[in-house]
Amino acid sequence: MTATQRIASVFRREFTAYFSSPLAGIFLVIYLFMSGIFTFQLGGLYERGQADLRPFFQGQPWLNLFLVPALSMRLWAEDRRTGTIELLLTLPYSVWDLVLGKFLAAWAFACVALALTVPLWVTVGWLGSPDHGAILVGYLACALLSAGFLAVGAFLSAFTKNQVIAFVLCGVASFLLLVTGFPVVLDFVSGWLPRAAVEAISAMSAMTHFESMMRGVLDGRDVLYFGSITAAFLFLNGVVVEWKKAE
Amino acid sequence: MNDLIVAKGLRKSFGSFEAVRGVDLTVPAGQVLGFLGPNGAGKSTTMRMLTGFLEPTEGTVTLSGISLADDPIAAKRTFGYLPEGAPAYGDMRVEEFLLFAARSRGYDDAEARRRVDAAIDRLHLGPYRKQLVETLSKGYKRRTGLAQAILHDPPILVLDEPTDGLDPNQKHEVRELIRRLGGERAIVLSTHILEEVEAVCTRAVIINEGRIVFDGTPGQLDAKASRDVTRNRLDHVFRMLTTSDVARRAGAAR
Ligand SMILES: Nc1ncnc2c1ncn2[C@@H]1O[C@H](COP(=O)(O)OP(=O)(O)OP(=O)(O)O)[C@@H](O)[C@H]1O
Ligand SMILES: [Mg+2]
């Protein structure tokens, strides 16, 4: 059995688990509803007289603050609470099979959620003539953002047996990853931190990278940023699972 | 080499507390080893090291000739394991859960289904196959865990309290099953029921405070009780070997 097959069988279990409780579905509906609100109401699509998805993308980081923790909270906390982690780790899997299988299942769910917003894109395309290439890059940004947040959430979920705690930790961590790119925050810390440190903080922020992609600019560095965040936290996730599994 | 389980010098510390303090265990094919000991003696901790859930602080485990530390995935293919409390996914139906376990072992869908059907038959889970695991009674949950452990016909079985919480009929059936599985396999099962050792085991190991205090056949265990003890002889020996002050004296004598 190859690693791919092992990851696939973990993926299958974890992905279907989302459909066994109404929770993820509820979050999905809220997410889609709010995405619509951002696009049409808050974005003032009609008032601006310009059909594009800019407001939709601007809303995405905030919606992900709720959707992502809802998806990641159960990943490890639930297995630790019920003891199934002992089963998983004594089946012929490596920790990395489990880390990847679980992450990919959550990410697939997030991508399904994202894919369900495509009707918004279609609507905007029908109302006006948006830059479809830019929108595609924006969608890629959303997928990458949720991957990064999910990796952070999976990592934090391995620390606890309590899903609520895992949810809150992931929400707070994702929030911090976002706001460190905000001028208000950067201005505030620039008062007492050296310039290089402020720039480093800004470069570390998910918001900085998301915003440039959201505008349709496809830059390898932004993709690399999200890729690195995801990889780094998945690595840490495996380490924490090994460390905390028996508690 | 017929020694399917070879554990050498196993130790496990949790912080400053040492739960397992040097356990050596070699189990050949055909042996059913009953692992006994008071609560907290270190049975589950030892079994968790045998199955690779916990890394030993010291010592090595070799399963079917494969080092657990060097090639954990290959070593894990050679055993079936029922963890303490028979954890299972509550949100899955019995059948789905077993299919997941079968696919985890690398069977394609058709073979997985065949294996699951066979395991369901063997443990008489037929009427419950579509039931959610979380709604099963304790006994049927344990049977589901057992089905998961045997469905790939492993040469090694590690069962942590397989009959705990079963009614007398089910206990009897599970013992029969274990006896039948015995043949070519190496089986380690922990239990608090001493008669169970007499009924199904070919070897008894008693562990106390992380150390092995008895290792022999059930007959030898029985022989340790003085002749004037007529009822519950094994209980008597068990108490003698594991009640702290007696155990300490025995340890000093060795
Ligand atoms: N993860 C852990 N952290 C700290 N201590 C632990 C941990 N796991 C087990 N212990 C301790 O190690 C000792 C042995 O526990 P273990 O579960 O192996 O006992 P046992 O023989 O299986 O007992 P029982 O018959 O009650 O199942 C106990 O004192 C227990 O509290
Ligand atoms: Mg135990």
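Every number here is computed from the coordinates shown, using simple stated rules; none is lab data. Note that the structure is predicted; figures quoted are calculated from it, not measured. Cβ atoms come from the backbone with ideal geometry, glycine included; neighbour counts cover every protein chain shown.
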Mind listing the phi-derived Karplus ³J(HN,Hα) values for the range B:99-113, rounded to whole Hz, using 6.51, -1.76 and 1.60 with θ = phi - 60°, and x for any glycine or proline? 5, 4, 4, 5, 5, 4, 8, x, 7, 6, 4, 5, 5, 4, 4
Compactness of the range B:85-153 - radius of gyration and Dmax, Cα, Å: 10.6, 30
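May I ask what percent, to the nearest 5, of DSSP beta bridges between residues of the protein assembly as shown are antiparallel? Could you put the intermediate results ahead of the total?
Numbers: 22 of 39 bridges.
In the protein assembly as shown, DSSP labels about 55 percent of beta bridges as antiparallel.
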Percent of Cα-Cα distances greater than 18 Å, calculated over the range A:115-247: 63 percent
Restricting attention to the range A:1-105, which trypsin sites (Lys or Arg not before Pro) occupy a DSSP loop and are surrounded by at most 15 other Cβ atoms within 10 Å? none
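Say the cut-off is 19 Å between C-alpha atoms; which of A:K161/B:K43; A:K102/B:K141; A:K102/A:K244; A:K245/B:K76; B:K8/B:K43; A:K245/B:K12 go over it? Mind showing how you got there, number by number?
On the way: A:K161/B:K43 24 Å; A:K102/B:K141 25 Å; A:K102/A:K244 17 Å; A:K245/B:K76 17 Å; B:K8/B:K43 15 Å; A:K245/B:K12 15 Å.
Beyond 19 Å: A:K161/B:K43; A:K102/B:K141.
Sorted from fewest to most neighbouring beta carbons within 10 Å, what does the list A:F40, A:F233, A:F19, A:F27 look like?
In order of increasing Cβ crowding within 10 Å: A:F19, A:F40, A:F27, A:F233.
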Which of A:G125, B:L234, A:P194, positive extreme of dipole for the protein assembly as shown (C-beta unit charges): B:L234
In debye to the nearest 20, how big a dipole does chain A give about its Cα centre with +1 on each Lys and Arg Cβ and -1 on each Asp and Glu Cβ? 460 debye
For chain B, what is the percent of antiparallel DSSP beta bridges, rounded to the nearest 5? 55 percent
How large is ³J(HN,Hα) for each residue in the range B:170-182, as worked out from phi by the Karplus curve 6.51 cos²θ - 1.76 cosθ + 1.60 (θ = phi - 60°), to whole Hz, x for Gly and Pro? 5, 4, 4, 5, 5, 4, 4, 4, 5, 4, 5, 5, x
Helix-only mean residue ellipticity at 222 nm, chain B, DSSP H runs n ≥ 4 weighted -39,500 (n - 2.57), per residue, nearest 500. What is it? -11500 deg cm²/dmol
Have a look at the protein assembly as shown and give its Rg and Dmax from the Cα atoms, expressed in angstrom. 27.8, 100
Cβ neighbours within 10 Å from other chains - mean over A:78-88: 5
Considering only A:A77, A:N237, A:L32, whose Cα is most displaced toward the positive end of the charge dipole of chain A, charges sitting on Cβ of Lys, Arg (+1) and Asp, Glu (-1)? A:A77
Pair A:W192, B:R239: separation of 7 Å Cα→Cβ label points (nm): 6.8 nm
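Kyte-Doolittle mean at least 0.0 and Cα extent at least 20 Å along the axis: which DSSP H helices of chain A qualify? Can you show the working numbers first?
Numbers: long enough: A:3-17 (21 Å, -0.20); A:22-37 (22 Å, 2.12); A:54-72 (27 Å, 0.41); A:95-115 (29 Å, 1.77); A:132-157 (37 Å, 1.80); A:163-179 (24 Å, 2.56); A:220-244 (35 Å, 0.84).
Sorted by number, the helices that extend far enough and score high enough are A:22-37, A:54-72, A:95-115, A:132-157, A:163-179, A:220-244.
Please report, in cubic angstrom per residue, the volume enclosed by the convex hull of the alpha-carbon atoms of chain A. Walk me through the numbers on the way to the answer.
On the way: hull volume 34.4 nm³, N = 247.
Considering the Cα atoms of chain A, their hull volume per residue is 139 Å³.
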5 Å is the cut-off here: which amide hydrogens, built 1.01 Å from N in the peptide plane, fall below it relative to B:L82, excluding neighbours closer than 5 in sequence? B:V158, B:L159, B:D160
Quick one: angle between helix B:138-150 and the longest Cα principal axis of chain B, in degrees between 0 and 90, rounded to 10, please. 80 degrees
P(r) histogram, all alpha-carbon pairs of the range B:1-101 included - 5 Å bins from 0, percent: 2, 11, 20, 22, 18, 13, 9, 4, 0
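If you rank A:W107, A:W76 by fewest surrounding Cβ atoms within 10 Å, what's the result?
Details: A:W107 23, A:W76 30.
Least crowded to most crowded, the residues run A:W107, A:W76.
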Placing +1 on the Cβ of each Lys and Arg and -1 on the Cβ of each Asp and Glu in the protein assembly as shown, which of B:L99, B:P162, B:V32 has its Cα farthest towards the positive end of the resulting dipole? B:V32
How far is helix B:233-242 tilted off the main Cα axis of chain B, in degrees rounded to 10, range 0 to 90? 70 degrees
Rounded to a whole number, the mean other protein chain Cβ count within 10 angstrom for residues of B:85-95 is 4
Amide H within-cut-off set for B:R211, under 5 Å, with H built and near neighbours excluded: B:R21
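Explain nothing, just the number: dipole magnitude of the protein assembly as shown about its Cα centre with +1 on each Lys and Arg Cβ and -1 on each Asp and Glu Cβ, in debye rounded to the nearest 20.
Details: 51 positive and 49 negative charges, 196 e Å.
With Lys and Arg at +1 and Asp and Glu at -1, about 940 debye.
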